[in-house]
Structures are given as C-alpha cells and as structure tokens.
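The values are calculated or read from the model by the stated rules, or taken from the named source; none is laboratory data. Note that the structure is a prediction, hence the values are computed from the model and not measured. In this analysis, Cβ positions are derived from the backbone assuming ideal geometry, glycine residues included, and neighbour counts consider all displayed protein chains. Accessible surface is based on the protein model in full, side chains and every heavy atom, while ligands, DNA and RNA are left aside. Shrake-Rupley method; radii C 1.70, N 1.55, O 1.52, S 1.80 Å.
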Amino acid sequence: MAVTQSEHHEFPPPADGMHHGDKVPLEIVVSEEPVRGVAGFLAAWRSLATGLGITAKRAMGKPKTVRYPRERVSLSPRWRGALRLTGTLGVDQVALVRSEPVGYNAVVDGMHREDRLPPCMGNCPANVDVRGQNSLIADARPVEAYELVRERNVMPGVLGRICHHPCEAACRRNDYDEPIAVRPLHRVAYEAFEAVREERIQAFEHTSGKHVAIVGAGPAGLAAAADLMRLGHAVTVYEKDHMPGGALNSGVPSYRLPREVLHGEIDDLVRMGLDLRCNTRIGREVPLEHLIGEYDAVLIAAGLQTSRLIPVPGVEAEGVMGAIPFLRGANFHAEAGVRGKRVVVIGGGNVAVDVARCALRVGATEVRQASLESDDEMPAHPWEIEEALDEGVIMMCSLGPHEVIVEDGRVAGMKMRECLSVFDAQGRFSPQFGEEYTDVPCDVVVFAVGQAADLRELVGGTDLMLDERGNLKVHGSTFTTGHDGVFACGEVVTGPGSCIGSIATGHEAAISIHRYLSDEDPDGTRTMRPVPVYDRYAKASLDGVEPSRLRIDMPMSDPSERAGDFRAVELGMTPAEGLLEAARCLRCQSEVCVACGFCARTCPDYAIQVKRNADDGRLAMTSYDLDLTKCCFCGMCAEQCPTDALQHTGQYELSFYHRDLMQFDRDEMCRDGSGTRATGADADRGGCAT
C-alpha cells in the first residue's frame, strides 16, 4: 500500500524572479511496501540505468585528486605501541651532573625543563647530584662519589651528619616503601675518602689575577670560596673565632658533629689554596673599608652572632641566657653553668633541642623544653625530638613564657601560660593565649627563640645598609649590596636557615663575584636555579614489603649512656651497608632501567618479569621479559617507571609468523624505537650489549 501526502511550504524567492508569498506545492510520497508487478519491475530497471549512466559519465571524465591541508603530525609519546627500554643497569651508565660553577644552574634548569631532573636533586637547595652519588657508591666508587658531592656541598662529611636532608623528603622511593638514606651515604663516601685524601687533594691555580676577601668561615663563605678558587681566583677568608666553621664550630654540638670532621674538611680547602686567617675580627682589628680597598671584591658571610630574648618580666635576672652563648660554653668548655641545676629551655626549634640535649650533657639534673606549638606542630625535626625524649628531656608543649620568677635577683622558676593557637587563619604568627598558668620551678632559663645578626661594628663607617631585622640589604637574586664590589650571602642575608641553604647562597654569590671580576653584569642573562614543587603523599604502608626493600637502619648509641657525655649519637653505616643502601636508589629520570620491578608489580596481566644481580656480584639487570600475548597495552607500567627507561613506541604493527616471537627478551626490549613495526625476536636487533 502506498500513501501519498501533499504539503505546501514557503521558500525565499529564487533567482528567477519569484516573490515572497508564492507557494510551491511539495509532494512527499511515503511507501510502506515496495511497488509490485510490472510497475515495480520497470522502476527498478530505471533506477539501475540511471546509476550506470552516472558511473559511465564520471568514468569518461578526467580523474580528480583530493589534497588535504598540509600539517606536521607527530606520534604521541603515550601511543600504546610495544614497549622498549632506553637503557639498562650494568650496561648503560647513569649520567653524572657536572659543570663549572657559572654554568651549573643552566644545566639543572635544562634538566628540569626536559623533565630529567631527579626529585632528590631538585629538592636540594644546592642541587647536589644525589643520584650520581648513589650510583657511584653502589658501583663501589665511594671516593668518586665524595668528590662529586663536594662540587656542590663543600663539606660532605659535615652535612652527612647534620643536614636536614630535604632530598629524602622528595625521594620517589617514599611512594613505594622508604626513602634512600642520602645523608648517611654522604658519611659513607666521606669515610672512604678520608683514607686517601692526601693523594686526592690538588691545589687550584690562581689564573685570574684577582683576589677576593670573605668575612666569615661558615658554610656560606666556604662554599663561595671553593667556587671562586675553582674559577681561578685567589681567596682569603677572615674568621673572628680561633677556629673556622662559624656556627658549625660554635653552635652544633659535637655529639652530632665531631670537630675533627669539620676541621678536616676545612683543612682540605686550605690545601686547595684557601688563605684562612682566624682570630681576626673585621670591623675591630681590621676595618671593612681596608678590605674594600685592598681586594678586588669582598663577600660578607658573617652569619648570626646573637640570641634573641623575649622581653618578659624577670628576663634580666641572673640565670637567664641565650642559646648561642650557652652552646658556645657547652661546645668549647663542656661547661655552661648548669651543673646540678634544673633548666627550662624556651623554644620549639632545632636549636632549642640542641640546647636541651647539651644541658643534660653538661650536668643539669632536669631539663624541660617548653614550646608554643603542640607536640605535632613543633618546628624541630621529628628525629631530633625523638632522640631528645630518649635521653630524658621533658617536652612541655602548647605553653608560652609569661614571666621569669625571680628570688633575690636569681631565677627561681618560669611562669608559663597556655597557648591556644600559634598561627592565625592566614598562617601568620599570631599566638593566642588562654587563662591557665603553670609555674615551673627551675634554676636556669635558656631562650632559644631565634638568632640575629650583629653587624653594627662590621659595617660602621661604610655606606652598607641594614634592614629592619639588622640583616644586610642585598639584591635578592645576585647578593650584591649597595656598595660596588661588596657582596653578602648566608644567614646574614636570609636570617636563620639550614646549613645546605646557606651553602646554596654561597654558590650564587660566587657566580655574581666572578661575573663582577670578569667585567660582566652580575644580573645579566643569568640562569637562576629552578625551584620545583613536589607533591607530598601519605607515608607508604610497609605491610608485606620484603626486608630487602627496606631502608638500612642507622645504628645509634645507647640513650642512657650517651646523654652523659658528647659521644657520637649516630654510629654510621659500614661500607657493606652503604653498598646495599645505595643499590636501593631508583636512579630517577635517568632513562636507565634499574630492574626495580615496579613495572612488573603494576602490570595487571602479569606480562612482565624482571631480574637483576649478575652471578659475579655486579649490580645489573640480568633479564627483562615482556609477553605481548598477555599485554593489554594499558601503559600503566611505563607511567610507573621511575627512571623513564620503559617507554611507549609507535610500533603498532605486531604481525608475527609464530607465537614465540611475541616473547620479547632483554635484547628485544633494547631495540631501536623508531619506525612503526616491532622487530620480533628473530630480527637483527643490536640492542643492549652484554
């Protein structure tokens, strides 16, 4: 049955002159079933003839070529082709990061832009090549590891004991189990170097004819001195104390930093050509203007010399002291006037913890440490707090100093007030106190609430300017002052900070001084170090993790014994333990497969099997097998790879003559990744040499 329906529609007038309002009848025929009989037969042949006519007409015409717009098309790196390895442990070397001081920032910045900067190195203020250190130690080359680290960390043996190791916080191993013990490995490298130091130390040549004076023999000044000597300049360092090291010598307790380690590494710098002059107070014995006139450039790295006290009632009483004079007495004389007395330390930072622990060692009968912060907010490092608690320090948290209780001009106690919060909603320091008070009986109060610079004597008679905190005013990126040829770095510029942070400022100041001495603009076309921000994750669960994957524990001396003297708290790793710990390093972003096995653990189809450690004891990848018959090409394994050695390819042609060719072994995994076809195990592959 055929249904015929007619409708009328209005259309705009065509070009032949029809007008608006003209109606065109439109007939629509809807057929529910085909026309049958002779009419249907003829209609079918008519349609066929029409189609053949159109085909014949086009066949007789000239061919037409359709051209698409030209554009460059590149294959996405996330293309889920057959995987390949760019390098393997035991065959390909992990690249070491080395450069002259003036070019080091550019190298690091280039690595960062290419996503080749390992997190440990990126999170270190001085950009120490941690990955390179670990690789060399794992290859039983700890002396070379020490020399590599020393290029950016002027005293690896010192920092191997006291650094707050931000590199470990960014270590990708945190995501899997436990971070690499980077700081203890510095110490392993130092102890290996110590045995051969006499034959490895070489003096730098003074090739520039320029001479630089540095005020202060702390970490910032020494780092700048090392770089300047490497660049061919002569350097003289002036230190007011009888021994060099700055706060490392006078403030850091010897149970953390043995003085023979500190002075041994500074002596190495002297053997390299450093002119070190102690017991010389610039500004008193020698005017700063004299240095400015005598030397081609002057760097001020004087550090922080005074302690801050909180102006509460009774602060002038006998028995109240600051952290810096207390630590100087404890470190230089093993006597700080607290023997047989009760001590309260005010402050929650690392210096306060050092004071509390030293007070026990110089004879205090009871030591309490009071902080504004709650126990989980204290700014001191958690491991420092833990060690202090083990030794018998009593922590009193969420308490602020209100008044020193005084009897007959001497300290009799400390009145503390509850602290409800330390910071406001914007994160600014704004303590809020409650109405409850606590009286703590004591004989000595030590304020460890901050340090300050004392530069009035040093800069007197010059046009150098100080800021409201008493620190030197400098250009933030170049460390230049308002006086031509005078520079400043370290805590005298930044305020209280870390040792490795001070070393980083020394590197930057050295670059500025070198550019100045080379008649270049210290700020011109200069690459500054990148400051990456890394995501932080919750601590990985260690449930079911094999013991071989875990971090080696640092052996410690007994708390009940060590609290009575200044013996070392950390006993250090053995060389064998150092090898094992360095072998845990994933060599992130190196594009060299370390056979960590995380790809195999991630694969949902169990398509990957990885093994390492050759029979001869070498740290090497011994096999890598990929079964393409199981692979679902999800790419999760490559995204998990910490070294970026496991990469996708555009090799999507996967036709093979027999099933065995889809079992990719180690050599096949190291094939060339170009082209579109995976070669198959029967091809001439080249690949990884053995």
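Some observations on this one:
- Output for region 406-450, where each listed residue is among the aliphatic types (A, V, I, L, M), under 28 Å from PRO325 (Cα atoms) and open to solvent by 40 Å² or more (accessible area, probe 1.4 Å): VAL406, VAL449
- One residue from VAL320, VAL286, VAL312, VAL343 being in contact with a Cys (Cβ under 7 Å, 6 or more places away or on another chain) and open to solvent by less than 70 Å² (accessible area, probe 1.4 Å): VAL343
- Identity of the residue in region 451-461, assigned to a helix (DSSP H, G or I) and aliphatic (A, V, I, L, M), that ends up surrounded by the fewest Cβ atoms within 10 Å (Cβ to Cβ): VAL459
- Filtering region 93-110 to residues that are within 17 Å of the chain's Cα centre (by Cα), in contact (Cβ under 8 Å) with a residue 60 or more places away in the chain and over 14 Å from LEU148 (Cβ atoms) leaves ASN105, ALA106, VAL108, ASP109.
- Residue within region 55-76 that is closer than 30 Å to ASP665 by Cα and either in contact (Cβ under 8 Å) with a residue 40 or more places away in the chain or charged (D, E, K, R) (or both) present: yes
- Selection from region 207-228 of residues that are among the small types (Gly, Ala, Ser) and outside any helix (DSSP H, G or I): SER208, GLY209, ALA213, GLY216, ALA217, GLY218
- Scanning region 475-495 for residues that are hydrophobic (A, V, I, L, M, F, W, C) and at pLDDT below 90 yields no hits at all.
- Residues of region 192-214 include none that is at pLDDT below 95, out of contact with any helix residue (DSSP H, G or I) (no Cβ under 6 Å at 6 or more places or on another chain), small (Gly, Ala, Ser) and buried (at least 17 other Cβ atoms within 10 Å of the Cβ).
- For region 463-504, a tally of residues being of a type in the set (Ser, Thr, Tyr) and more than 21 Å from PRO379 (Cβ to Cβ) returns 4.
- From the list GLU265, GLU239, GLU260, the one residue that fits, being surrounded by fewer than 16 Cβ atoms within 10 Å (Cβ to Cβ) and under 23 Å from ASN331 (Cβ atoms), is GLU260.
- Subset of region 346-363 [over 30 Å from the mean Cα position of the chain (by Cα) and open to solvent by 10 Å² or more (accessible area, probe 1.4 Å)]: LEU360, ARG361, GLY363
Rundown of residues vs (1) in contact (Cβ under 8 Å) with a residue 60 or more places away in the chain; (2) farther than 30 Å from ASN350 by Cβ; (3) among the acidic types (Asp, Glu), yes/no style:
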position: THR438; (1), (2), (3): no, no, no
position: GLU457; (1), (2), (3): yes, no, yes
position: GLY460; (1), (2), (3): yes, yes, no
position: LYS473; (1), (2), (3): no, no, no
position: VAL492; (1), (2), (3): yes, no, no
position: SER502; (1), (2), (3): yes, no, no
position: HIS507; (1), (2), (3): yes, no, no
position: ALA510; (1), (2), (3): yes, no, no
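- Per the listing ALA689, ALA638, ALA645, ALA681, the residue uniquely in contact with a strand residue (DSSP E or B) (Cβ under 7 Å, 6 or more places away or on another chain), at pLDDT below 75 and not basic (Lys, Arg) is ALA681.
- For region 600-612, filtered to residues that are outside any helix (DSSP H, G or I) and of a type outside the set (A, V, I, L, M), the residue that is farthest from ASP667 (Cα to Cα) is PRO604.
- Among residues that are within 30 Å of GLY221 (Cα to Cα), among the hydrophobic types (A, V, I, L, M, F, W, C) and either in contact (Cβ under 8 Å) with a residue 12 or more places away in the chain or part of a loop (DSSP other than H, G, I, E, B) (or both), LEU464 is included.
- Strands (runs of 3 or more DSSP E) (entirely within region 310-406) containing at least 3 residues that are in contact with a strand residue (DSSP E or B) (Cβ under 9 Å, 6 or more places away or on another chain) and among the aliphatic types (A, V, I, L, M): 342-346, 394-397
- The set of residues from region 175-203 being touching a strand residue (DSSP E or B) at 6+ places or on another chain (Cβ under 9 Å) and not basic (Lys, Arg) comprises just one member, PRO184.
- None of LEU291, LEU276, LEU299 is over 28 Å from ARG187 (Cβ atoms) and part of a strand (DSSP E or B) except LEU299.
- A single member of GLY221, GLY251 is at negative phi, out of contact with any Phe, Trp or Tyr (no Cβ under 6 Å at 6 or more places or on another chain) and at pLDDT below 95, and it is GLY251.
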